[in-house]
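Contents: one structure, followed by commentary.
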Amino acid sequence: AGRLPLSGRHVLVTSGPTHEPIDPVRYIANRSSGKQGHAIAAAAQTLGARVTLVTGPVDLPDPEGVTVQHVETAREMLAAVEAALPADVAVFAAAVADWRAATEAEHKIKKGKGASPPALALVENPDILSTVARRSRQRPQLVIGFAAETDKVVENAETKRKSKAVDWILANDVSEGSGVFGGDRNRVHLVTAQGVEDWPEMSKTDLAAALLGRAARYLAQAKGS
Ligand code: PMT
């Protein structure tokens, strides 16, 4: 068999949505299925990497041969990601909730007769991608993010790449009708410091293989091996 392109490497992947509790029975969530992130973890494993997948609540089986950490909230995801470092490559495919409820009610919030609906105060969640990308210690050599956008897709992705100190961003058009959230196919633009590449639409599995193959070549060149 010989050495595989990612033999000896550790690849860290986030996937799925996060659930941010409001009370014991309610939460804030989004439409991420985890299909893209899980496909990336599986592709890295196929290429020989040791893989840690940190995933929010999804209906998918754990990919074979991968260490999987199951979390619910953004704060749990951040803690699991930091505990998994160091890594050579980190890919952030999770759709992390930007905000969580400022307080989690201890008891189910009741509907009062004639009372006005409760107000939901939000606070910002930690940004996992930018926290990892800005680390001075144990920053992965290659940090890859996604940018889910509904307008000015590439422009907004380039802004995100710089503001979050990310090496590569996959710009994803997730407008209504694109079917990216939850679907089996994806179309991205790869945004790096070198410029923008428009990738054709393909299955999430093929996209994962293309991305990890590319990451393997990048690491090989960087190390001159
Ligand atoms: O799960 P699927 O159904 O297969 O769908 C795939 C997908 C659309 C969820 C995926 O391809 C995707 O685009 N994931 C990123 C979704 C997202 O939250 O994008 P964003 O533009 O809001 O965030 C930008 C980047 O920062 C992302 O890499 C995200 O993981 C990261 N982030 C965002 C907020 C936060 N608090 N922490 C983060 O790490």
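Looking at this structure, is Thr14 closer than 30 Å to Leu120 by Cα, in contact with a Leu (Cβ under 9 Å, 6 or more places away or on another chain), within 16 Å of the ligand (Cβ to nearest atom) and not small (Gly, Ala, Ser)?
Considered against the rule, which asks whether it is closer than 30 Å to Leu120 by Cα, in contact with a Leu (Cβ under 9 Å, 6 or more places away or on another chain), within 16 Å of the ligand (Cβ to nearest atom) and not small (Gly, Ala, Ser), Thr14 comes out as yes.
Spot the failing condition for Ile22; the list is (1) in contact with a helix residue (DSSP H, G or I) (Cβ under 6 Å, 6 or more places away or on another chain); (2) in contact (Cβ under 8 Å) with a residue 40 or more places away in the chain; (3) more than 16 Å from the ligand (Cβ to nearest atom), and only one is missed.
Failed condition: (1).
Answer yes if at least one residue in region 132-152 is among the basic types (Lys, Arg), crowded, with 16+ Cβ neighbours inside 10 Å and out of contact with any His (no Cβ under 9 Å at 6 or more places or on another chain), and no otherwise.
Yes; the residues of region 132-152 include at least one that is among the basic types (Lys, Arg), crowded, with 16+ Cβ neighbours inside 10 Å and out of contact with any His (no Cβ under 9 Å at 6 or more places or on another chain).
Under 6 Å between Cβ atoms, at least 6 apart or on separate chains: pull out the pairs that start in region 201-221 with a residue that is touching a residue at least 40 places away in the same chain (Cβ under 8 Å) and end on any residue that is surrounded by 18 or more Cβ atoms within 10 Å (Cβ to Cβ) and among the polar types (S, T, N, Q).
From residues that are touching a residue at least 40 places away in the same chain (Cβ under 8 Å), the pairs are Lys204/Gln36; Lys204/Asn186; Leu207/Asn186.
If I filter region 95-113 for residues that are crowded, with 16+ Cβ neighbours inside 10 Å and among the acidic types (Asp, Glu), do I get at least one hit?
Within region 95-113, not a single residue is crowded, with 16+ Cβ neighbours inside 10 Å and among the acidic types (Asp, Glu).
Quick check: is even one residue across region 149-160 of a type outside the set (Lys, Arg), within 9 Å of the ligand (Cβ to nearest atom), within 21 Å of the chain's Cα centre (by Cα) and closer than 30 Å to Ala222 by Cα?
Our first condition is that a residue be of a type outside the set (Lys, Arg); within region 149-160, this holds for 149-151, 153-159.
Among the residues that remain, those that are also within 9 Å of the ligand (Cβ to nearest atom) are: 149, 156-157.
Next, from what is left, pick out any that are within 21 Å of the chain's Cα centre (by Cα): 149, 156-157.
Applying the additional criterion that residues be closer than 30 Å to Ala222 by Cα yields 156-157.
Yes, region 149-160 contains at least one residue that is of a type outside the set (Lys, Arg), within 9 Å of the ligand (Cβ to nearest atom), within 21 Å of the chain's Cα centre (by Cα) and closer than 30 Å to Ala222 by Cα.
Check region 195-218 and report whether any residue there is of a type in the set (Asp, Glu), away from the ligand (no atom under 13 Å from the Cβ) and assigned to a helix (DSSP H, G or I).
Yes - at least one qualifying residue is present in region 195-218.
Within 10 Å of the ligand (Cβ to nearest atom), of a type outside the set (Val, Ile, Thr) and at pLDDT 95 or above: which single residue out of Ala39, Ala29 fits that description?
Criteria check complete, one pass: Ala39.
When only residues in region 168-186 that are aliphatic (A, V, I, L, M) and part of a strand (DSSP E or B) count, which is farthest from Leu142 (Cα to Cα)? First the steps, then the outcome.
Going through region 168-186, the residues aliphatic (A, V, I, L, M) turn out to be 169-171, 174, 180.
Subset that is part of a strand (DSSP E or B): 169-171.
Working: Ile169: 11, Leu170: 13, Ala171: 17 Å.
Selected residue: Ala171.
Considering only region 71-94, state which residues are under 19 Å from Ile28 (Cβ atoms), surrounded by 20 or more Cβ atoms within 10 Å (Cβ to Cβ) and away from the ligand (no atom under 12 Å from the Cβ).
Result: Val71, single match.
Answer with yes or no whether Val68 is within 13 Å of the chain's Cα centre (by Cα), closer than 15 Å to Thr14 by Cα and within 16 Å of the ligand (Cβ to nearest atom).
The answer is no for Val68.
Can you tell me how many residues in region 44-65 are part of a loop (DSSP other than H, G, I, E, B), within 16 Å of the ligand (Cβ to nearest atom) and crowded, with 17+ Cβ neighbours inside 10 Å?
To start, the set of residues in region 44-65 that are part of a loop (DSSP other than H, G, I, E, B) comprises 47-49, 56-65.
So of that shortlist, the ones also within 16 Å of the ligand (Cβ to nearest atom) come out as 56-63.
Filter again for crowded, with 17+ Cβ neighbours inside 10 Å, leaving 56, 58, 63.
Selection size over region 44-65: 3.
The values are calculated or read from the model by the stated rules, or taken from the named source; none is laboratory data. These figures come from a predicted structure and were not determined experimentally. Cβ coordinates were reconstructed from backbone atoms using ideal geometry, including for glycine residues, and neighbour counts include every protein chain displayed.
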